[in-house]
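Okay, so here's the structure we're looking at.
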Amino acid sequence: MDRKMIIAPSVLSMDYSRMAEQLKEIEESDAEWLHFDVMDGHFVPNLTFGPDILKGFRKASDLFLDVHVMIDRPLFFAEKFLSAGADNYTFHYEAVPEEGELRRLAGLVRSHGKSVGISIKPDTHVSVLKPYLDLFDVFLIMSVEPGFGGQKFIPESLDKIRTLRGWLDEASLNAHIEVDGGINETTAKLVRSAGADVLVAGSFVFKQNIREAVKQLA
């Protein structure tokens, strides 16, 4: 099936001295989502944004705000990010391995009328997601180690995408498969062929003409 590709530029790679200008360029491009990486310095070795910064993006843009939390306590912070303007809240399986808490968190996000996603790191087997196919709107496959931008795409991610898309199709589920890490005009084609339909791109989008970069990915 030829799926419509959704491009989600990652604000982690934005030039903050030109934030208003670059945000305008994103909105004038074919991008539909804005990807917002939250890191706590514990779950991953980096520290980025909190809910107050997300509020600023919410005021500045009507794009779909795709929030990816790489944090130890995603349940504790969920309502804070939802209140700040998140349209989708994706947390890591590795941060919530206990099934009861995972299901509670997914239900909490949906109870707010928002989309909910789950992500796995490169070393986590895709089979951990199979029991939860009907719980999530977005499955985010990390194709680099989470925590830093500018890394190279891990080719083994393609098998995860194919397997996951097969499971979703068998179950007649329309959840998105999102891919984050090392996305450029070449890897975009590979992940699309494997079954992904949401691409997160940071360096590739913000290190050149934004509109042209998004067009190449779409």
Inset, instruction - Report yes if some residue within segment 11-21 is free of Cβ contacts under 8 Å to residues at least 40 places away in the same chain and either under 17 Å from the mean Cα position of the chain (by Cα) or crowded, with 16+ Cβ neighbours inside 10 Å (or both); otherwise report no. - result: no
Legend entry - Candidates Leu173, Leu140, Leu105, Leu129, filtered to the one that is within 18 Å of the chain's Cα centre (by Cα) and either more than 21 Å from His35 (Cα to Cα) or among the small types (Gly, Ala, Ser) (or both): Leu129
Inset, instruction - Could you give me the residue pairs with C-beta distances under 8 Å whose first residue belongs to segment 189-203 and is closer than 12 Å to Arg162 by Cβ and surrounded by 21 or more Cβ atoms within 10 Å (Cβ to Cβ), whose second residue is of a type in the set (Asp, Glu) and at pLDDT 95 or above wherever it lies, and which are 6+ apart or on separate chains? - result: Ala196/Glu178
Inset, instruction - Scan segment 30-78 residue by residue and report those that are β-branched (Val, Ile, Thr) and modelled with pLDDT of 95 or more. - result: Val38, Ile53, Val67, Val69, Ile71
Legend entry - Failed condition for Lys152, given (1) basic (Lys, Arg); (2) farther than 21 Å from Leu23 by Cα; (3) touching a residue at least 12 places away in the same chain (Cβ under 8 Å); (4) assigned to a helix (DSSP H, G or I): (4)
Inset, instruction - Just give me the residues in segment 176-188 being at negative phi and either under 13 Å from the mean Cα position of the chain (by Cα) or surrounded by fewer than 19 Cβ atoms within 10 Å (Cβ to Cβ) (or both), in sequence order. - result: His176, Ile177, Glu178, Val179, Asp180, Ile183, Asn184, Glu185, Thr186
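The values are calculated or read from the model by the stated rules, or taken from the named source; none is laboratory data. As the structure is a computational prediction, the values presented were derived from the model and not from experiment. Because the Cβ atoms are built from the backbone with ideal geometry, glycine has one as well, and the counts that use them run over all protein chains shown.
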